[in-house]
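Just below is one structure, and these are the notes that go with it.
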Amino acid sequence: EFCDVISKDNMGGGSSIFTKQELDDYQELTYFTKKEIHHVYKRFKSLAPNPEAVTKATKLSRDELYALPEIKVNPFKDRIVRVFSSSGDDSMTFEDFLDMMSVFCDHAPLAIKIEYAFRIYDFDEDDSLGREDLRKLIDRLTGEMKLGESDMEQLIQAVIEESDLDNDDGLSFAEFEHKMTKNPEFVTSFRIRM
Amino acid sequence: MEFNEQSNLLRNGGDRPTTSYGGRAQTVRDAEEYSYDNSSFAVDYEGLSSSDLVESSRSRSKSILGERESASDILYRLRYSFLDPDLDSEHVISETQDCLTGQDKLRFKEDILEGIREVCLPMKQKLRIRRIITTDRVNRRRDQNSKKYISSKSRKNGSGFLHLWESSITKLTAYFGSTVASYFTFLRTLFFLNLVTGIILFSFIGVPQITTGEFLLDLDDKGKTFGHFGDLSYSMLFYGIYQDAVDGFSLPLSYFLTWIAVNLLTVLYLASSMYLRYRRSKLSDTGSDFPFTWSMFCYFDFTINTKAGVKDHLKAFCTDLKEKIREEKSLEVVAWLKKLQIYFLRLVSNVIVLGLLGGSGYLIYYVAQQEPDERDVDFNENLKELAKEIYERYRLAAVVAILKLVVPSIFKLLVKMESYQPRTELKFTLARTTFFHYASLIVFITSLTKKADCIDGQEPQITSTPSSVPSNHSTNNSTSCATNQCWENIVGEEIFKLILVDLGVCIAVGILFDVLIAVFVRTRTCCCKMDYSEFVVTSNVLDLVYGQGLVWLGLYFSPLMALVAVVKLFIVFYFRYFVARFANIPPKKMFRASRSGSFYLFLLLITWILCFIPVVYILIEKTPSVDCGPFAKKDRAYKVIDFLDSLDDLPSWLSWVKDALDYIATAIVIIPVIVVLILLVLYYRVKSSSYNALIQELRRQLVFERKIERKKVFAKALSVPALGSLGKTTGSAVTGEMSRKTSAVTFTA
């Protein structure tokens, strides 16, 4: 499906693995410029065990993905990889990878970041951030120093009180979105730079 | 609204438009609208397969509406397609596309294309949809669109220069996180601001002066020896050299106007960036911050990607969470004796703070009044004499800089005595330190300009030593004081000295505290448990703002001060960068008092106002010095703008312009204008507070509505006998569906 056609953009010579059509598509479907797309592809290639044999259809396994420095130490790396893996088995093709980096980049708008943040934080994938989700989230966030049980309970209770408008003991997407749009720091924190 | 079709799923064929929220509370009580017919319910959930449900919904919605779905409907369904795994998006889209023709078709395609980027779908699916849309587009449209996208992308590419130091900042972010990086980004903004200011001033003032060929003031004819920097004093760096000696170009006019223009540009830039940032963040209603929710979801910094950085960040996070929980707990009743003690301590510390402020103000004033001993620095003399001379010259700058170092630390200690919550502590210290900085700046500048009073015929300055003070050589024999001292130059030099000393102190403190401690910790020399020093963002930002304030103060007296600031910022950047990389750790407390960049800009704006006003006052009140500088012969500096005189030459039919200007400048017009402006401000405040009240009301309504609706749904769902055996799964399916779809209702409300 792909072919070694010299792309017509001003990358300054060299053959490209994307056709012009593909580059245009990627450019319009993500928040990257053409140069950045090539950069992302380079990073993708570097993660593969055999960089030379990487094609657009190559899938990287979970462990290979975990080697990416930007997510290697992130406490949520398993959720990130799971959410963005289109086949649901924690492996990503280049297009999934591009999608992931595009959502995390500086130019992605708030709405799409919130959407994906919700999915990442929803550990049991039931479309709502329930108490168990919050508990797991707090565990990840406190790292080595665990919070005591009573502190944890109090924290979860406080969050539910603040944000749960319809009293279903969990945060739905609308409630989550309602809170996140009000905080301008969300955009600066929910970012990964390539 | 597009959710009409979706929420119709759960109604029994009612094709009434759904009411939008925000107004008609009686719809809640309108039971008929929310009646869920049992029979249709059973039909919907009979097979319990979502595809059936969607099939029936799709056909139902289509038949209800009798029209095809629009682009936004399709996008909406795509967005929630994970609830609906059998949705064949391509089929739907190509079907709809085929039904449309001409302009409608084009618009449909555009809408889908624009919206598809924002939908959460896997890339493969997005690509497929895009292929469907773009296969048979009209060529003309396609070129137009691609141009639009390409041009928007290329705009981003061209900003390479504005991303100076980007790689260094990224390296720092990987360990320290976004807060520390925001300090460096702020530094970079200041760098560019000063660069632009400096270039404008240089090209309009410096270049004409260069064309006259005079770089240094000619000393011989008058024998003046003002200035502490030797040749630098008489160079283009300071006010003194600029003269009205350029042919065909009025340098005084240009000097004055460029200075005003640069200030206006600065304030325009600051105000507009603040405005843009403010707009981007939706303001939360007053007093409803969500500390816990935000801590959980927003504050974890994804940009940190080193192991040590994440560890420190999580530690700080945990401390922050614990603190917040303690805060909640500590709203307990305190014994009144203890309360009395606390209030007494607070009173004492406030008195001490005021005393410190007053004392340092007086000290600065006193030192400024001392006439410095103006001998030339002769490096052949012995060290003691040398030190004394340097002390004499740099006395004022040293005093200001040392006060700036000592007093905020005292404030930090004092505030611990007051037993506030940690975040209130931070706010108090910040406020006091800022106030101290501004006060010291203002006292500094006003006491310096007392020297200018000499010219107005007031009492002469008493010189402390009978050394080679320049005697009165000029022809001006009305006063006996040293009128030959070019007072603008002196003020400019003092400010320049202060900037240098400030830089020196910053570097010295950095080396002494951060680097030395780091060396101790690394080599484990000291046996006590020491850790690296933290990168304190607050005080560093305040330092930057203070330095910028100094530059703005000095811009009138020394046009190239901005370029000096550029060099200084360059040095500071690299110094702080290397200290941060090798000797600092991320702050243990999460500094969230700022709303990111807009807080820093706000500080900068306040500083600008506080620095602009004294200089304007000086311009209005003081006479420029008689024999140096571009305004040498004028009574007041602003008189150089004499277009009011030139207005006399206007033709008679424009004479009303002159009359109008005359009238406008009087108090009769200005006072009503001020009153009207105040009224406008009040009006907007009232409007915004009434909006806040409306928001609160809507929230209450929302919560109420959700409660009522849930109760109804549960009652209906669990009372249907046919679903009794399927019990739990039905229930969750209902609530699952409900949670997304009805929350979608609130979402679009």
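Overview of values
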| read-out | value |
| --- | --- |
| When each of A:LYS45/B:LYS311; A:LYS179/B:LYS711; B:LYS171/B:LYS311; B:LYS315/B:LYS589; B:LYS412/B:LYS568 is checked by Cα-Cα distance, pairs over 19 Å | A:LYS45/B:LYS311; A:LYS179/B:LYS711; B:LYS412/B:LYS568 |
| Whole-number percent relative contact order across the stretch A:111-189, with pairs defined as alpha carbons under 8 Å at least 6 apart | 33 |
| Placed amide H near B:GLU534: partners under 5 Å, 5+ positions off or other chain | B:ILE585 |
| Which of A:LEU171, A:SER189, A:TYR121, positive extreme of dipole for the stretch A:111-189 (C-beta unit charges) | A:SER189 |
| Computed accessible area, B:VAL267, all protein chains, 1.4 angstrom probe, square angstrom | 30 |
| Quarter of the Cα convex hull surface for the stretch A:111-189, i.e. its orientation-mean projected area (nm²) | 5.4 |
| Within the stretch A:111-189: Cβ-based charge dipole about Cα centre, in debye rounded to nearest 20 (Lys, Arg +1; Asp, Glu -1) | 460 |
| Amide H contacts under 5 Å for A:MET92, placed H, 5+ residues apart | A:LEU60 |
| From phi via Karplus (6.51, -1.76, 1.60), per-residue ³J(HN,Hα) for the stretch B:111-122 in Hz, x at Gly/Pro | 4, 4, 4, 5, x, 5, 5, 8, 8, 7, 10, x |
| Average other protein chain Cβ within 10 Å of Cβ, residues A:103-111 | 2 |
| Mean projected area (nm²) of the alpha-carbon convex hull when the stretch B:554-634 is viewed from all directions | 8.0 |
| Filter on A:LYS34/B:LYS307; B:LYS322/B:LYS416; A:LYS146/B:LYS307; B:LYS324/B:LYS687 - keep pairs with C-alpha separation over 23 Å | A:LYS34/B:LYS307; B:LYS324/B:LYS687 |
| Bins of 5 Å from zero: percent of alpha-carbon pairs in chain A | 1, 7, 14, 16, 18, 14, 11, 7, 5, 3, 2, 1, 0 |
| Solvent-accessible surface (1.4 angstrom probe) belonging to B:HIS163, in square angstrom, nearest 10 | 90 |
| Long-range HN-HN contacts of A:LEU171 with modeled amide H, under 5 Å | A:LEU129, A:GLY130 |
| Total formal charge among the other residues, if their Cβ is under 13 angstrom from that of B:GLY309, Lys/Arg +1 and Asp/Glu -1 | +3 |
| Relative contact order (percent, whole number), chain A, Cα cutoff 8 Å, 6+ residue spacing | 17 |
| If the convex hull is drawn through the Cα atoms of the stretch B:85-130, its volume per residue in Å³ | 65 |
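The values are calculated or read from the model by the stated rules, or taken from the named source; none is laboratory data. Values in this document were obtained by computation on a predicted structure and should not be read as measured data. Because the Cβ atoms are built from the backbone with ideal geometry, glycine has one as well, and the counts that use them run over all protein chains shown. Keep in mind that these areas ignore ligands, DNA and RNA; they rest on the heavy atoms of the full protein, side chains included. Shrake-Rupley method; radii C 1.70, N 1.55, O 1.52, S 1.80 Å.
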